[in-house]
Amino acid sequence: MVITIKGTDYPISFGVGFLRALDEKYYTETKTGVKFGMGLEVKLPMLLANDTITLSEFLYLGTCAEKKRPSQREVDEYIDTVDDIEHLFEEVVDELKKHNATKLAVMKMMTDLKAAEEAANGKK
């Protein structure tokens, strides 16, 4: 996946570096001080609910492996001006399904969310 901001193409990668950056921001800590990353578990449901802040964060952190990357503000401006934000959300989720670092967790969460929705609607 590539986004173009002010004429510059920025590759987006949802690999291990992306997960590491996400986990540095979102984690749980034990009483003994051990930290466990929870980034994808915390933020993916928000992305699936079309949370624009989460979309921006995923796109920004998805450039963490690049030597030249956009600022968070530039990513925000990109989202503010994109023609089809619904498609952008779909593209990000589709891309998350492709990367080894994220695909299993994404597919499991989507299955779990669908089952919870069906249970809430009285379906089996």
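The values are calculated or read from the model by the stated rules, or taken from the named source; none is laboratory data. Just so we're clear, the structure is a prediction, and the values are computed from it rather than from any experiment. Quick reminder, even Gly has a Cβ in these numbers, built from the backbone with ideal geometry, and neighbours come from all protein chains shown. Note: areas computed on protein heavy atoms with side chains; ligands, DNA, RNA excluded. Shrake-Rupley method; radii C 1.70, N 1.55, O 1.52, S 1.80 Å.
A few remarks follow.
- Highest average packing first - 97-104, 61-68, Cβ atoms within 10 Å: 61-68, 97-104
- The chain: C-alpha gyration tensor shape, a/c 1.5 cut-off, then a/b vs b/c: oblate
- Pairs from LYS6/LYS108; LYS25/LYS98; LYS6/LYS114; LYS67/LYS108; LYS67/LYS98 whose Cα-Cα separation, in the structure shown, is over 29 Å: LYS6/LYS108; LYS6/LYS114; LYS67/LYS108
- Net charge of neighbours whose Cβ lies under 14 Å from the Cβ of LYS98, counting Lys and Arg as +1 and Asp and Glu as -1: -2
- Using heavy atoms of the protein chains and a probe of 1.4 Å, the accessible area assigned to PHE36 is about 110 Å².
- Ranked packing of 40-48, 114-122, most packed first, by mean Cβ within 10 Å: 40-48, 114-122
- Linear extension gain, MET110 paired with LEU48, 0.36 nm per residue minus alpha-carbon span: 21.5 nm
- With contacts taken as Cα pairs under 8 Å and at least 6 residues apart, the chain reaches a relative contact order of 26 percent.
- Long-range HN-HN contacts of ILE3 with modeled amide H, under 5 Å: TYR10, ILE12
- Considering only ASP84, ASP76, ASP51, the Gaussian network model of the chain with Cα springs below 10 Å gives its largest mean-square fluctuation to ASP84.
- Value of [θ]222 nm, deg cm²/dmol, for the chain, DSSP H segments ≥ 4, -39500 (n - 2.57) each, nearest 500: -17500 deg cm²/dmol
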